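The values are calculated or read from the model by the stated rules, or taken from the named source; none is laboratory data. Given the structure is predicted, the values throughout are model-derived calculations rather than measurements. Note that we place each Cβ from the backbone using ideal geometry, even for glycine, and neighbour counts take in every protein chain shown.
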Amino acid sequence: LDLCLHPKPAGLVLQYGTAGFRTNAKQLDHVMFRMGLLATLRSKKTEATIGVMVTASHNPEEDNGVKLVDPMGEMVTPTWEGYATQLANAEQEDLLAALKDVIEKEAINMSQEANVFVGKDTRSSSASLSQAVLDGVSALGGHNYGLVTTPQLHYMVCCQNTQGKYGEATVEGYYKKLCQAFIQLTNNASNCTDDQKHLSVDGANGIGALKVREMESHLKKELHISLFNDGSKGKLNHQCGADFVKVQQNAPTGIKINPGERGCSFDGDADRIVYYYIDSEGQFHLLDGDKIATLISTFLKELLTQAALDLKIAVVQTAYANGSSTHYLEDTMKVIVRCTKTGVKHLHHAAQEFDIGVYFEANGHGTVLFSKAAEEKIQQLAENPGADDERKRAALLLQNTVNVINQTVGDAISDMLLIEAILAIKGMTIQQWDAIYSDLPNRQLKVKVSDRRVIDTTDAERRAVSPAGLQEAIDSLVKKYRQARSFVRPSGTEDVVRVYAEAETQESADDLAHEVSLAVY
Ligand code: NG1
Ligand code: ZN
């Protein structure tokens, strides 16, 4: 193995952030190579298959990024995030020492076999960067999946390490499992008309669009998808995609959608999804991750009641969750709500503490986790010949719900199938779903500062502890408005500070966000 391949530009320092390394693609060649090396070590250490995904998700086409996937399809553990940063930043002459350091600290048996799955999105830089990863995967067991969505790679890593118990470790196997469960679910929606089976999908000109096309034949016409921004002409994430729609609170360009019809947008690597519709007055209505979490948890709670299964269900959110959603979940639905720091690994971890943990970031990244015990109870009831019909029907629905969900990570395709199934089964329109609660008007802003790391937060990022005086300033601004809330935090994926504000009216939310961003300088 030649460590001089893919040399590092001297002095460049990068950080393994909320979603791995992410920056302009030109700066990432050496990082990719080194993440190939590190994934090989991680595989030897865990004696399992490790994933490496090359993507920068919702970032512009010019950017790219990389993250590691642990054996059960989850994000790599914090200690290894630290190793990733050390390896990525070691100057060329120190690389060997940095590698040896990891091998020693983790007592890695270098004669152990390694197996690494590599996937990439559709960015123009992804081909050469994923090749750099493969160059670093010194192991013979490296497997290149080529173009896949981020959640597909997570899924296949999990399948591989559970000897197929979670499913078959192929993209075909993924479609089969999810679509079969979807069709079983929609069998329970017999009076669903063809009109109700129609959905417009904005593929963000990314990998999700390609994969929806690939999947379509498996859906057996139970869902009619009109695909827009399929990558044939537009630029990745440009004026489209889930992040654009969520932040701009507007429809993506390039989509054609009739008043009242459902639309949804994926992000650039298809691990996020948001829904929307345009009403007869031309007004845009967004149904974000919070609305999705509410729909899914309501559905699950009803099924648990029908099945008379005593399983504890919780919803995990972040500080970006709309205040109305938290109120509705706690006060009306009476489910447990937890708030964690931003970043899927934190939500995922918190969700694992419950029988059923529904987690969603407001931006549409999320999934549902079922504990082993919960899955077993559901299965027992579904297979119990003596159970009464209503309980059994509910258990079967729960079982198919488990199977349509990608539990390894948030997944736009899987979430879409689940949402479409729920709406069909409940005979619910998107307007009815939207009306479950009304969002508080809100605004997100980005502020450029010289060093965003001077801002330190606590209480799941809802309060700033430094710089001194900042939180007091925010508190006194918030007091000026009704139903107001605001917080700031340094982004983990961009060189900015994010400001969030919500209040009784849009004007108040906008004003508050603006005033708080001035206090950040
Ligand atoms: P940062 O840049 O740390 O805010 C963003 C999202 C996260 C998460 C990551 C990873 C917001 C406010 N933040 O993180 O939720 O999705 O990207 O993609 O949406
Ligand atoms: Zn993404």
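Of all residue pairs spaced 6 or more apart or on separate chains, those with beta-carbon atoms under 7 Å, a first member in segment 125-136 that is within 11 Å of A25 (Cα to Cα) and a second member that is part of a helix (DSSP H, G or I) are S125/A25; L129/A25; L129/D29; L129/M32. I need a count of the residues in segment 478-496 that are under 15 Å from V247 (Cα atoms) and more than 10 Å from ligand 1 (Cβ to nearest atom). Going through segment 478-496 one residue at a time, the tally reaches 0.
Residue-wise test of (1) assigned to a strand (DSSP E or B); (2) under 15 Å from the mean Cα position of the chain (by Cα); (3) within 16 Å of ligand 2 (Cβ to nearest atom).
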site: T294; (1), (2), (3): no, no, no
site: T298; (1), (2), (3): no, no, no
site: K301; (1), (2), (3): no, no, no
site: V316; (1), (2), (3): yes, yes, no
site: E330; (1), (2), (3): no, no, no
site: Y359; (1), (2), (3): yes, yes, yes
site: T367; (1), (2), (3): yes, yes, yes
site: Q380; (1), (2), (3): no, no, no
site: E390; (1), (2), (3): no, no, no
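For segment 209-223, the candidate set comprises residues that are of a type in the set (K, R) and under 22 Å from the mean Cα position of the chain (by Cα); within that set, the residue that is surrounded by the most Cβ atoms within 10 Å (Cβ to Cβ) is K211.
If you check T193, T162, T186, which single one turns out to be closer than 25 Å to G364 by Cα, away from ligand 1 (no atom under 16 Å from the Cβ) and among the hydroxyl-bearing types (S, T, Y)?
Residue meeting the stated conditions: T186.
Looking only at residues in segment 175-204 that are without any contact (Cβ under 8 Å) to a residue 60 or more places away in the chain and either under 20 Å from the mean Cα position of the chain (by Cα) or closer than 23 Å to P151 by Cβ (or both), the one that is surrounded by the fewest Cβ atoms within 10 Å (Cβ to Cβ) is K176. If you filter segment 332-357 down to residues that are among the aliphatic types (A, V, I, L, M) and part of a loop (DSSP other than H, G, I, E, B), you find that the one that is surrounded by the most Cβ atoms within 10 Å (Cβ to Cβ) is V335. Among the residues of segment 245-269, those that are within 16 Å of ligand 1 (Cβ to nearest atom) and among the aliphatic types (A, V, I, L, M) comprise V245, V247.
Listed here are the residues, each with its yes/no results for (1) assigned by TED's automatic domain parsing to the domain that holds R452; (2) in contact (Cβ under 8 Å) with a residue 60 or more places away in the chain; (3) touching a helix residue (DSSP H, G or I) at 6+ places or on another chain (Cβ under 6 Å).
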{"residue": "P9", "(1), (2), (3)": "no, no, no"}
{"residue": "T40", "(1), (2), (3)": "no, yes, no"}
{"residue": "H58", "(1), (2), (3)": "no, yes, yes"}
{"residue": "T79", "(1), (2), (3)": "no, no, no"}
{"residue": "A90", "(1), (2), (3)": "no, yes, yes"}
{"residue": "A98", "(1), (2), (3)": "no, no, yes"}
{"residue": "V102", "(1), (2), (3)": "no, yes, yes"}
{"residue": "A114", "(1), (2), (3)": "no, yes, yes"}
{"residue": "G119", "(1), (2), (3)": "no, yes, yes"}
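If you go through segment 464-515 one residue at a time, how many are in contact (Cβ under 8 Å) with a residue 60 or more places away in the chain and surrounded by 18 or more Cβ atoms within 10 Å (Cβ to Cβ)? Matching residues across segment 464-515 total 11.
Restricting to segment 233-279, and then to whatever is over 21 Å from the mean Cα position of the chain (by Cα) and among the β-branched types (V, I, T), can you tell me which residue is surrounded by the most Cβ atoms within 10 Å (Cβ to Cβ)? So the residue we want is I255.
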